[in-house]
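Down below is the structure, laid out as structure tokens.
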Amino acid sequence: MKGAVLYGPRDVRFEEREDPKIIKPTDAIIKIAATCVCGSDLWPYRGLQPVNEPTPMGHEYCGIVEGVGSAVRSVKPGQFVIGSFAASDNTCPHCRAGYQSSCIDREWMLRAQAPVLRVPLADGTLVATPETPSKEMIPSLLTLSDVMGTGWFAAVAADVKPGKTVAVVGDGAVGLLGVLSAKLMGAGRIIAMSRHEKRQKLAREFGATDIVTDRGDVGVARIKELTKGIGADSVLECVGTQESMMQAIRATRPGGSIGYVGVPHGVQLDGQQLFFSHVRLHGGPAPVRRFLPDLIDLVWKGKINPGKVFDLTLPLDQVTEGYRAMDERRAIKALLVP
Ligand SMILES: [Zn+2]
Ligand SMILES: [Zn+2]
């Protein structure tokens, strides 16, 4: 079997890897229907996160169960399943509290940019669809493995409520799906921050009412202007840089909430500034497992089409081009088909 392996900055290779097999009785093996490149894959790809050894890549996946370990009860061969980028038992106290991505037995998924994948803790991690989905539905189901679930969590963490004003920092797949999530939660006004025409268009399609093209001080000033000097009730931070985090904090009104889901890189917060800002901060790796059943239902009934974030589809063996296209911002998100 061949899969994607990252060797160092801008050096991802499609090369021979060991065939996955069941190691523990709680494992499942799935045949991947579609996988993709994530914005978070770009941190190590760009050399902004060290790569100490050749690393098999990919953590977003869906497909057909091929085999299960002897202890697996809730999924069976032949079913179409989707799982989170964090495997979880879904039974420990953190899971029961809705924080499956902090599961006591958590395992980060890797190796999904491949035709076959081993999923640990299959009972807790995987959720089956009612039937085998149509080919057209697969991209939307794939987004539930991470980006749609993460955008949704950002909106939940930012306490988006009907009629409220929401600002979204970041126009990657997660930011755009954060817009869609805020729309579904009934936000009255959704301000998307983007300077990229194609992404602005998709943001509008997903429910953005206003677009702010400025960043930093000017971007914050624009949001203040649009909200009569008050600031947004809820801000979704979907980037993870110092600039984006400060933009989020400063664009939020006193008493408002920020959901931050961009993996922070080099972010330093000043205690006093945070204290006097009077905002709530909640975020982290999204517990997408919590939202999977509801989001599968929304996709299944045709109520949402988050798969629109994939504007590039490639055969899996062209995975290196997927990374390049996203790195150069030629593509929002690259879908890979084995
Ligand atoms: Zn991801
Ligand atoms: Zn758990």
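Here, each number is a calculation from the coordinates, and none is a lab measurement. These numbers come from a predicted model, not from an experiment. Counting neighbours? That spans all protein chains shown, and the Cβs are built from the backbone with ideal geometry, glycine included.
Observations
- Ordering TYR323, PRO130, GLY47 by the projection of their Cα atoms onto the charge dipole of the chain, which places +1 on the Cβ of Lys and Arg and -1 on the Cβ of Asp and Glu, puts PRO130 at the extreme positive end.
- Exposure proxy for MET193, MET185: other Cβ atoms within 10 Å of each Cβ, ordered fewest to most, give MET185, MET193.
- Whole-Hz couplings from phi, Karplus 6.51/-1.76/1.60, listed for the stretch 154-160; x for Gly and Pro: 4, 5, 5, 5, 8, 6, 5
- Relative intensity, log₁₀ I(q)/I(0), of the chain from a Debye sum that treats every alpha carbon as a point, q = 0.06, 0.10, 0.11 Å⁻¹: -0.20, -0.56, -0.68
- Distance from the Cα centroid of the stretch 142-167 to that of the stretch 199-236 is 16 Å (rounded to whole angstrom).
- Rounded to the nearest Hz, the phi-derived 3J(HN,Hα) couplings of the stretch 86-99 under the Karplus curve 6.51 cos²θ - 1.76 cosθ + 1.60 (θ = phi - 60°) are 10, 6, 8, 7, 6, 10, 6, x, 5, 5, 5, 7, x, 10, where x marks glycine and proline.
- Estimated purely from DSSP H runs of n ≥ 4, each contributing -39500 (n - 2.57), the mean residue ellipticity at 222 nm for the chain is -8000 deg cm²/dmol once divided by its residues.
- Where a label projected 7 Å from the Cα of PHE276 along Cα→Cβ would reach, residues of the stretch 235-255 with amide N under 20 Å: 243, 245-255
- A simple charge model with +1 on the Cβ of Lys and Arg, -1 on the Cβ of Asp and Glu and nothing else charged puts the dipole of the stretch 150-283 at about 340 debye relative to its Cα centre.
- Residue pairs, from the table LYS2/LYS24; LYS135/LYS301; LYS183/LYS333; LYS164/LYS308, whose Cα atoms sit over 18 Å apart: LYS2/LYS24; LYS183/LYS333; LYS164/LYS308
- Rounded if a/c under 1.5, otherwise prolate or oblate - the stretch 3-158, Cα gyration tensor axes: rounded
- Taking amide H atoms as placed 1.01 Å from N in the peptide plane, the amide H of ILE258 lies under 5 Å from those of VAL235, ARG280, LEU281, HIS282, each 5 or more residues away in sequence or on another chain.
- Exposure proxy order (Cβ contacts within 10 Å, fewest to most) of ILE332, ILE191, ILE22: ILE22, ILE332, ILE191
- Residues TRP43, TRP108 in ascending order of nearby Cβ atoms (within 10 Å, fewest first): TRP108, TRP43.
- Estimated FRET transfer efficiency (GLU243, ALA71; beta-carbon r; R0 51 Å; 0.05): 0.60
- With respect to the chain, whose longest principal axis is taken over its alpha-carbon atoms, helix 216-226 is tilted by about 70°.
- Counting only Cβ charges, +1 for Lys and Arg and -1 for Asp and Glu, the dipole size of the chain around its Cα centre is about 800 debye.
- The stretch 75-133 versus the stretch 265-317: alpha-carbon centroid distance in Å: 17
- Measuring nothing but how far apart in sequence close Cα pairs (under 8 Å, 6+ apart) lie, relative to its length, the stretch 150-283 scores a relative contact order of 27 percent.
- Leading residue at positive end of dipole, the stretch 226-338 (Cβ point charges), from ILE304, GLY266, LEU281: ILE304
- Length-normalised contact order of the chain in % [C-alpha pairs under 8 Å, at least 6 apart]: 18
- Largest first, the three principal axis extents of the alpha carbons in the stretch 150-283 are 39, 28, 26 Å in whole numbers.
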